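Read through the structure below, which is laid out as structure tokens, and then see the notes.
The values are calculated or read from the model by the stated rules, or taken from the named source; none is laboratory data. Every value quoted in this text rests on a predicted model; they were computed, and no experiment measured them. Every residue, glycine as well, gets a Cβ built from its backbone with ideal geometry; the counts of neighbours run over all protein chains shown. SASA here: full protein model, heavy atoms, side chains in, ligands and nucleic acids out. Shrake-Rupley method; radii C 1.70, N 1.55, O 1.52, S 1.80 Å.
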Amino acid sequence: GLLQAAPGERVVEIGPGQGVLTRHLLGLGAPLLAVEFDAEAVSYLNTHHPGLEVAHADVLKFSFPPGPLALIGNLPYNISSPIFFRVLELRAQVRRGVFMIQKEVAERLAAPPGGKD
């Protein structure tokens, strides 16, 4: 669908949790790296998705691998904005990003400058 990794791109899933989206991403055929902060989720991913590369890390401090990246994730409300700023820092590497965000965050991103949103 929306995230079609090109040859040479690495897919990075931000915050996979229990891996609901992860199992579909594994079928893309591109190298997949899951970056997860929660230790229990990391353990679950390692148990249920053997062979998946999982980084137990804070995505805001994570050292992303070199080369072109395609990012995907269902972003938590409380850190959506900091994650977007992190993605902007990586803009030379990030070729595409597909994110699910809460409606309030989307409205804020789409709001014209100077408004209350």
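For the chain, with all protein chains in place and a probe radius of 1.4 Å, 56% of the accessible heavy-atom surface sits on carbon or sulfur. Placing a label point 7 Å from the Cα of Leu109 along the Cα-to-Cβ direction, the residues of the range 1-41 whose backbone N falls under 14 Å of that point are 3, 14.
Pairs of Cα atoms nearer than 8 Å and 6+ residues apart set the relative contact order; for the chain it is 26 percent.
Compared with the alpha-carbon gap, the fully stretched path from Gln18 to Leu90 is longer by 23.3 nm at 0.36 nm per residue.
Between Gln4 and Tyr77, the distance separating the two model label sites (each 7 Å from Cα on the Cα→Cβ line) works out to 3.5 nm. Other residues whose C-beta falls under 13 angstrom from the C-beta of Leu69 contribute a net charge of +2, scoring Lys and Arg +1 and Asp and Glu -1. Estimated from helices alone, the mean residue ellipticity of the chain at 222 nm is -7500 deg cm²/dmol (sum of -39500 (n - 2.57) over DSSP H runs with n ≥ 4, per residue). Helix 80-89 and the longest principal axis of the Cα set of the chain meet at an angle near 80°. Taking the alpha carbon gyration tensor of the chain, multiplying each eigenvalue by 5 and rooting it gives semi-axes of 25, 17, 13 Å, largest first.
Using only side-chain charges placed at the Cβ, +1 for Lys and Arg and -1 for Asp and Glu, the dipole size of the range 1-88 relative to its Cα centre rounds to 180 debye. When exposed loop sites are taken as trypsin sites (Lys or Arg not before Pro) in a DSSP loop with at most 11 other Cβ atoms within 10 Å, the longest stretch of the chain clear of them is 1-60.
Of the residues Gly73, Gly97, Gly29, the one that moves most in a GNM of the chain with alpha-carbon contacts below 10 Å is Gly29.
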